[in-house]
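Asker: Next up is a structure, given as structure tokens.
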Amino acid sequence: MGTVITLLLAVCPPIFFLYWILRYDRNEPEPMLSVVKILLWGAVSIVPAALLENLLISLSIFSGSGLSGAAMESFFVIAPVEEAVKLLVVILFAMGSRHFTEPNDGIVYAGTASIGFALAENIFYVMESGAGVGIARALTSIPGHTFTGVLMGYFLGRAKFQGNKRLYLPAFLVPWFLH
């Protein structure tokens, strides 16, 4: 029974944030199949992110101890890698979709990809470390991933409908710096 409760603690916060994003998609709501597809691709994107993060962390340039080492690793490895894989999910699997019909859809799809990433990551961390980590992540990591995804999506939606591919840069940089 404890495992079920821990799993629910890992899954419910990301699902709440997904519901929150979808609730505001009122003009032309995205088909649920498209949303689920992006959610799953976001979840799968933790695999290349973890592989790349481990590779980069193993390089001596990113090795450090204490708070400064952790800050360097977080800012120069974890944040850019995680935001890059989430961005790629949206570019590869949503930007060309016939359902991506308005700027707000960028927020829906990037937010959903970010929530998928956070959901998979959350399951691993919470199942490994327990309810305390689940509560902490529900208040920090899950809203953080959602927020950076929404910002990413804002720029991607503008990029698509203004025909301005230069907006891909802030779609990556703003979430990276806030991550």
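Asker: Over region 1-105, calculate the relative contact order: mean separation of alpha carbon pairs under 8 Å at least 6 apart, over the residue count, as a percent.
Answerer: Relative CO of region 1-105 lands at 33 percent.
Asker: Another question, then. Could you work out the helix-only [θ] at 222 nm for the chain, with each DSSP H run of four or more residues adding -39,500 (n - 2.57) and the total divided by the number of residues, to the nearest 500 deg cm²/dmol?
Answerer: Mean residue ellipticity at 222 nm (helix-derived): -25500 deg cm²/dmol.
Asker: What's the percent breakdown of Cα-Cα distances in region 83-179 across 10 Å bins, shortest bin first?
Answerer: Values per bin, smallest distances first: 18, 47, 24, 10, 1.
Asker: Rounded, prolate or oblate: which fits the chain, taking a ≥ b ≥ c as square roots of the Cα gyration tensor eigenvalues, rounded meaning a/c under 1.5, else prolate when a/b beats b/c? Present the calculation step by step, with values, prior to reporting the outcome.
Answerer: Working: a/c = 2.14, a/b = 1.22, b/c = 1.75.
Oblate, because a/c is 1.5 or more while a/b does not exceed b/c.
Asker: Also, quick follow-up: Ignoring ligands, DNA and RNA, please state the percent of accessible area on the chain from carbon and sulfur, probe 1.4 Å.
Answerer: Within the chain, the accessible surface is 71 percent carbon and sulfur.
Asker: Hey, another quick one. I want to make sure I understand the PRE zone here: with the label point 7 angstrom from the Cα of Leu56 toward its beta carbon, which residues in region 151-170 have backbone N atoms less than 17 Å away?
Answerer: From region 151-170, the list is 169-170.
Asker: Continuing with the same structure: For region 39-137, what mean projected area does the convex hull of the alpha carbons give, in nm²? Kindly include the intermediate steps, with their values, before the conclusion.
Answerer: On the way: hull surface 29.9 nm².
With every direction weighted equally, the projected area is 7.5 nm².
Asker: What shape does region 3-55 have by the C-alpha gyration tensor, where a ≥ b ≥ c are the square roots of the eigenvalues, rounded means a/c under 1.5, and otherwise prolate means a/b greater than b/c and oblate the rest? Write down the numbers at each step before the final one.
Answerer: Values: a/c = 2.73, a/b = 1.36, b/c = 2.00.
Oblate shape, in that a/c is at least 1.5 and b/c is the bigger or equal ratio.
Asker: Moving on to the next point. Mind telling me which of Thr146, Thr101, Thr112 comes out most flexible in a GNM of the chain, alpha-carbon contacts under 10 Å?
Answerer: Of Thr146, Thr101, Thr112, the most mobile in the Gaussian network model is Thr101.
The values are calculated or read from the model by the stated rules, or taken from the named source; none is laboratory data. Since this is a predicted model, take the numbers as computed values, not measurements. Neighbour counts are summed over all protein chains in view; Cβ atoms, including those assigned to glycine, are modelled from backbone coordinates with ideal geometry. Heads up: the accessible areas ignore ligands, DNA and RNA and are worked out on the full protein's heavy atoms, side chains in. Shrake-Rupley method; radii C 1.70, N 1.55, O 1.52, S 1.80 Å.
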